[in-house]
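So the structure is just underneath, and the comments pick up after that.
The values are calculated or read from the model by the stated rules, or taken from the named source; none is laboratory data. None of these values were measured; they are calculated from a predicted model. Neighbour counts are summed over all protein chains in view; Cβ atoms, including those assigned to glycine, are modelled from backbone coordinates with ideal geometry. SASA here: full protein model, heavy atoms, side chains in, ligands and nucleic acids out. Shrake-Rupley method; radii C 1.70, N 1.55, O 1.52, S 1.80 Å.
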Amino acid sequence: MRRPQRTKPSAAASLPRQLLSQEGLIFDLQRASTHDGPGLRTTVFCKGCPLQCLWCHNPESISPRPEVLYTAARCRGCGRCLAVCRSGAIGEDGPAHRRQHLCTACGACTEACAGGALYSAGRTVTVAEILDQALLDARFYAQSGGGVTISGGEPMLQPSFTAALAESLHRLGISAALDTSGLFSYAALEPILPFLDLILFDLKHMHWETHQRLTGVSNERILMNLEELA
């Protein structure tokens, strides 16, 4: 008779429960990333951003709440979304003219959508769930000088989650990087600094007026934070 295989306990199991149970809202988690810091990395994309850059390539990151997004080119016009929508956000004219103020982001329409035209952006995860994914590539971090990058959106809109994740990675010996727009409370970042190995500071523009025009916000606080970090 074969002995049952024992599951190897996760290295994260030794961490304090208050760290592992901390929740955050993300819109993606990308393994084998090579563009978010040195080496091979896992990138955690937090949801919510205080900037609205004209060139934003992740517009699904801007809202700090879960949302349902729509790609018209994938819509088959099957009507399944209308049949399952209970909030009245999708009317007879179809998903292209959804009433966003009625949408509860329940996800029923995304599950029913045959073509993938409707999809959810934003899900709540715990630090423990992130670590389960990140630890799968631990040996590659060591070989390549990589680690985990906490990105967004703006991670510092969720300081408790960012702090718990950074501290957990630090305790596990995994390099942690913060990819930030620079618009945050420095008092919130300061206690996280000992757990970070790298900060990717994405300054959009030096001139305040141009920064305001391109991103919708002033860069005064951003430049102050950059000076503090330097």
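Do the conditions hold for T104, that is, is it hydroxyl-bearing (S, T, Y) and in a loop (DSSP other than H, G, I, E, B)?
Criteria met by T104.
Could you tell me whether C56 is in contact (Cβ under 8 Å) with a residue 24 or more places away in the chain and among the hydrophobic types (A, V, I, L, M, F, W, C)?
It is false that C56 is in contact (Cβ under 8 Å) with a residue 24 or more places away in the chain and among the hydrophobic types (A, V, I, L, M, F, W, C).
T110: part of a helix (DSSP H, G or I), surrounded by 18 or more Cβ atoms within 10 Å (Cβ to Cβ) and in contact with a Ser or Thr (Cβ under 6 Å, 6 or more places away or on another chain), yes or no?
Spelling it out, T110 is indeed part of a helix (DSSP H, G or I), surrounded by 18 or more Cβ atoms within 10 Å (Cβ to Cβ) and in contact with a Ser or Thr (Cβ under 6 Å, 6 or more places away or on another chain).
Does R31 meet the test of being within 24 Å of A166 (Cα to Cα) and touching a helix residue (DSSP H, G or I) at 6+ places or on another chain (Cβ under 9 Å)?
Judged against the criteria, R31 is a match.
Of all residues in the range 8-37, count the ones that are open to solvent by 70 Å² or more (accessible area, probe 1.4 Å), over 16 Å from the mean Cα position of the chain (by Cα) and not aliphatic (A, V, I, L, M).
Number satisfying all stated conditions: 6.
Give the residue that is modelled with the highest pLDDT, with candidates limited to residues of the range 94-111 that are of a type in the set (G, A, S) and farther than 12 Å from C75 by Cβ.
Filtering the range 94-111 down to residues of a type in the set (G, A, S) leaves 94, 96, 105, 107-108.
This time we only want the ones that are farther than 12 Å from C75 by Cβ, so: 105, 107-108.
Values: A105: 86, G107: 86, A108: 92.
Checking each candidate, the answer is A108.
Report every pair of residues separated by at least 6 positions or lying on different chains whose Cβ atoms are under 9 Å apart, first residue within the range 59-76 and under 20 Å from T180 (Cβ atoms) and open to solvent by less than 70 Å² (accessible area, probe 1.4 Å), second of a type in the set (G, A, S) and at pLDDT below 90.
The qualifying pairs are E60/A121; S61/A121; S63/A121.
Of everything in the range 88-100, what is surrounded by 14 or more Cβ atoms within 10 Å (Cβ to Cβ), of a type outside the set (A, V, I, L, M) and under 15 Å from E67 (Cα atoms)? Give them in sequence order. Break it down into steps so the answer makes sense when it comes.
First, pick out the residues of the range 88-100 that are surrounded by 14 or more Cβ atoms within 10 Å (Cβ to Cβ): 89-90, 94-95, 98.
Filter once more, so that each one left must be of a type outside the set (A, V, I, L, M): 94-95, 98.
Result: P95, R98.
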